[in-house]
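Here is the structure we will look at, set down as structure tokens.
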Amino acid sequence: MVVGLLDCRCRILYSTSLKDKRRAVKSGLSRIRHRLNLSVAEVGSQDDRQWADLAVVGVGSDRRIVDSELKQAIRILETIDDLEIVDVEISFL
């Protein structure tokens, strides 16, 4: 069994309120949930309107498959308007 963790630090562009931030973050999280077999959550900077810390987790029997799904999640996040990925780290447990 392989557990992969994607830790992603994002900046929310043009966000003037937490409501603007929530719209951008929820868009990314729901796209990942619906397209991939991964669990996602906002895990930090929840009171900051311009920053979001996201965690994406996948479990599988093959490391290559889990790694591929996590990289697809990064590509999905890159397509979200007003969301800029600043730092990404993938680790396996």
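How much length, in nm to one decimal, is gained on full extension between L93 and K71, taken as 0.36 nm per residue of separation minus their Cα-Cα distance?
So the chain would gain 6.3 nm between L93 and K71.
Consider the candidate values [x] 42, 21, 16; [y] 139, 13, 7; [z] 58, 34, 26; state which one is Cα extents along the principal axes in Å computed from the structure displayed.
This structure yields the entry labelled [x].
So which GluC sites (Glu not before Pro) in the chain pass both tests, a DSSP loop state and at most 15 other Cβ atoms within 10 Å of the Cβ?
Passing both the DSSP loop test and the Cβ count: no residue.
So what is the calculated 222 nm ellipticity per residue for the chain, using -39500 (n - 2.57) for each DSSP H run with n of 4 or more, over all residues, to the nearest 500 deg cm²/dmol?
Rounded to the nearest 500, it is -12500 deg cm²/dmol.
Starting from 0.36 nm per residue, how many nanometres of slack lie between N37 and I85 once their C-alpha separation is accounted for? Please list the in-between numbers first.
Working: separation 48, 0.36 × 48 = 17.28 nm, distance 2.12 nm.
That works out to 15.2 nm of additional length.
In degrees from 0 to 90, rounded to the nearest 10, what is the angle of the helix 18-35 Cα long axis to the longest principal axis of the chain?
So the helix axis and the longest Cα principal axis differ by about 20 degrees.
What percentage of the solvent-accessible surface of the chain, computed with a 1.4 Å probe over protein heavy atoms, is contributed by carbon and sulfur atoms?
46
Working from Cα positions, state the angle (0 to 90°, nearest 10) between the long axis of helix 63-78 and the longest principal axis of the chain.
20
With every protein chain present, what is the per residue accessible area of the chain (1.4 Å probe, Å²)?
Ligands and nucleic acids excluded, the result is 61 Å² per residue.
How high is the relative contact order of the chain, in percent, with contacts defined as C-alpha pairs under 8 Å that are six or more residues apart? All intermediate terms of the calculation are to be shown ahead of the outcome.
Working: 180 pairs, mean separation 44.8, N = 93.
Averaging sequence separation for qualifying contacts and normalising by length gives 48 percent for the chain.
So if I place +1 on the C-beta of Lys and Arg and -1 on the C-beta of Asp and Glu, and nothing else carries charge, what would the dipole magnitude of the chain be about its Cα centre? I want it in debye, nearest 20.
Once rounded to the nearest 20, the dipole reads 360 debye.
The values are calculated or read from the model by the stated rules, or taken from the named source; none is laboratory data. Owing to the predicted nature of the structure, the values given are computational and were not obtained by experimental measurement. FYI the Cβ positions are ideal-geometry reconstructions off the backbone, even for glycines, and counts take in every protein chain you see. Ligands, DNA and RNA are excluded from the accessible area calculation, which covers all protein heavy atoms including side chains. Shrake-Rupley method; radii C 1.70, N 1.55, O 1.52, S 1.80 Å.
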